[in-house]
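Encoded as structure tokens, the structure appears first; notes follow it.
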Amino acid sequence: MSKVTVVGAGKYGSTTVQRIAEWDIVDEVVMTDIVEGLPQGLALDMNQSRPLLGYRTLVKGTNAYADTAGSDVVVITAGLPRKPGMSRMDLLGVNAGIVTAVTEEIVKHSPEAIIVVVTNPLDQMTTLAAQVSGFPKNRVLGQAGMLDSARFAHFISEVTGVDILKVHAVTLGSHGDTMVPVPSLCTVDDKPLTDVLSAEAIEGIVDRTRNGGGEIVAYLKTGSAYYAPSAAAASMVKAIVTQAGTTMPVCAWMDGEYGIKGVYLGVVAKLGARGVDEIVELDLTADELSSLQEAAVAVAQKVTDLDNLG
Ligand code: APR
């Protein structure tokens, strides 16, 4: 695999492009946006860092979808963040319009692509991209769980003082209220998290993880997080293009796993050339399983908002 496109050259999109390029895992990354000059300028700047950092991947900045033709993977970051005075439905309407238009172009120019959606609201936008593209569901997936799991791991490391690279954390479900942390499968220095921290301490970390994006927005005042989000999206692209059989939490189409069917939901999946190669059913506790099933119902309900946009 050698060509990846990232649609949207804002903070999230451009940082995702930068990470993929610096890993040197594809021949070309195309970055496109509706703002003229923005992707071109950023691409030129990134390409000039190649001799300094020692990688070959070339970034092409463009406003024309023709340049994205034949992409193996397309990441959709295009969209607006929620602005003051905008209702949730307003945001849904605007971003649904953008994701629909972008997906139509992807289908036209890269009919074999795998689509990775990051635009919020994530569950609805991933569902929409799948509907509009008509692609097999395994070729359309969304990013949410990688980011929440990384935030969860960061906070666990902070509270326990254990090396971040020795913390393994996993969240399922989706962002925010529908996030399902899985403490029973989290480990700290190879010990179960539940042996290391009290239930109360874990609940505190879960709350902070659930509000992980909001905490950053409150500091920044304008704009939202993009370093960890782009690391999450770029990791998904890496898993797909390198075909190393990597498993990670992603927003994937459910077809009976955990007794859940017909909805996009955050679960651990094996990624590869087909996008989602397989959903890995984890050994959840009864409480965790029922939280996941409740999250599925909540997400299915939210998705019906798409039908009410008119
Ligand atoms: N086609 C291509 N690009 C578009 C389109 C479109 N139809 N509409 C908007 N864009 C571009 C904007 O011009 C802007 O450069 O999308 C970019 C969005 O960038 P930012 O505003 O910086 O937003 P960012 O932080 O990158 O977040 C992007 O990810 O986490 C989600 O909620 C977030 O939905 C938002 C998305």
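Points to keep in mind about this one:
- Among (1) more than 15 Å from the ligand (Cβ to nearest atom); (2) surrounded by fewer than 19 Cβ atoms within 10 Å (Cβ to Cβ); (3) outside any helix (DSSP H, G or I); (4) free of Cβ contacts under 8 Å to residues at least 60 places away in the same chain - the single one LEU80 does not satisfy: (1)
- Reported count of residues in the range 97-110, each being within 11 Å of the ligand (Cβ to nearest atom) and of a type outside the set (Val, Ile, Thr), is 4.
- Scanning the range 26-48 for residues that are within 23 Å of the chain's Cα centre (by Cα) and not aliphatic (A, V, I, L, M) turns up ASP27, GLU28, THR32, ASP33, PRO39.
- Residue that is at pLDDT below 95 and either in the same structural domain as ASN63 (by TED's automatic domain parsing) or more than 25 Å from VAL241 (Cα to Cα) (or both), where the choices are THR103, THR178: THR178
- PRO229 being within 27 Å of MET254 (Cβ to Cβ) and surrounded by 23 or more Cβ atoms within 10 Å (Cβ to Cβ): yes
- Scan of the range 181-192 for residues that are part of a strand (DSSP E or B) and at pLDDT below 95, ordered by number: PRO181
Every residue, every condition in (1) crowded, with 22+ Cβ neighbours inside 10 Å; (2) within 15 Å of the ligand (Cβ to nearest atom); (3) not polar (S, T, N, Q), yes or no:
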{"residue": "ALA199", "(1), (2), (3)": "no, no, yes"}
{"residue": "VAL217", "(1), (2), (3)": "no, yes, yes"}
{"residue": "THR246", "(1), (2), (3)": "no, no, no"}
{"residue": "ALA269", "(1), (2), (3)": "yes, no, yes"}
{"residue": "ASP283", "(1), (2), (3)": "no, no, yes"}
{"residue": "ALA286", "(1), (2), (3)": "no, no, yes"}
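- Restricting the range 49-77 to residues that are assigned to a loop (DSSP other than H, G, I, E, B) and in contact (Cβ under 8 Å) with a residue 60 or more places away in the chain leaves a set whose member that is nearest to the chain's Cα centre (by Cα) is THR77.
- Top-ranked residue in the range 111-135 [being over 21 Å from ALA298 (Cβ atoms) and open to solvent by less than 10 Å² (accessible area, probe 1.4 Å); ranked as farthest from the ligand (Cβ to nearest atom)]: ILE114
- Among (1) within 16 Å of the ligand (Cβ to nearest atom); (2) over 25 Å from LYS11 (Cα atoms) - the single one THR187 does not satisfy: (1)
- Checked against the criterion of being buried (at least 24 other Cβ atoms within 10 Å of the Cβ) and either over 24 Å from ARG82 (Cβ atoms) or touching an Asp or Glu at 6+ places or on another chain (Cβ under 9 Å) (or both), the range 254-262 has no qualifying residue.
- Scanning the range 1-48 for residues that are part of a loop (DSSP other than H, G, I, E, B) and without any contact (Cβ under 8 Å) to a residue 24 or more places away in the chain, we see that the one that is farthest from SER71 (Cα to Cα) is GLN48.
- If you go through the range 6-60 and keep only what is of a type outside the set (A, V, I, L, M), away from the ligand (no atom under 11 Å from the Cβ) and open to solvent by less than 10 Å² (accessible area, probe 1.4 Å), you end up with just THR57.
- Taking the criterion of being open to solvent by 50 Å² or more (accessible area, probe 1.4 Å) and touching a strand residue (DSSP E or B) at 6+ places or on another chain (Cβ under 6 Å), the only residue of the range 172-197 that qualifies is VAL196.
- Unique residue being charged (D, E, K, R), within 23 Å of ALA295 (Cα to Cα) and in contact (Cβ under 8 Å) with a residue 12 or more places away in the chain when the list is ASP163, ASP177: ASP177
- For the range 193-310, the helices (runs of 4 or more DSSP H) that sit wholly inside it and include 1 or more residues that are assigned by TED's automatic domain parsing to the domain that holds VAL159, over 23 Å from PHE155 (Cα atoms) and touching a Pro at 6+ places or on another chain (Cβ under 8 Å) are 286-303.
The values are calculated or read from the model by the stated rules, or taken from the named source; none is laboratory data. Fair warning: this is a prediction, and the values are worked out from it, not measured in the lab. Reconstructed Cβ throughout: ideal geometry from the backbone, glycine too, with neighbour counts over all protein chains shown. Note: accessible area is taken over every heavy atom of the protein model, side chains too, but ligands, DNA and RNA are not part of it. Shrake-Rupley method; radii C 1.70, N 1.55, O 1.52, S 1.80 Å.
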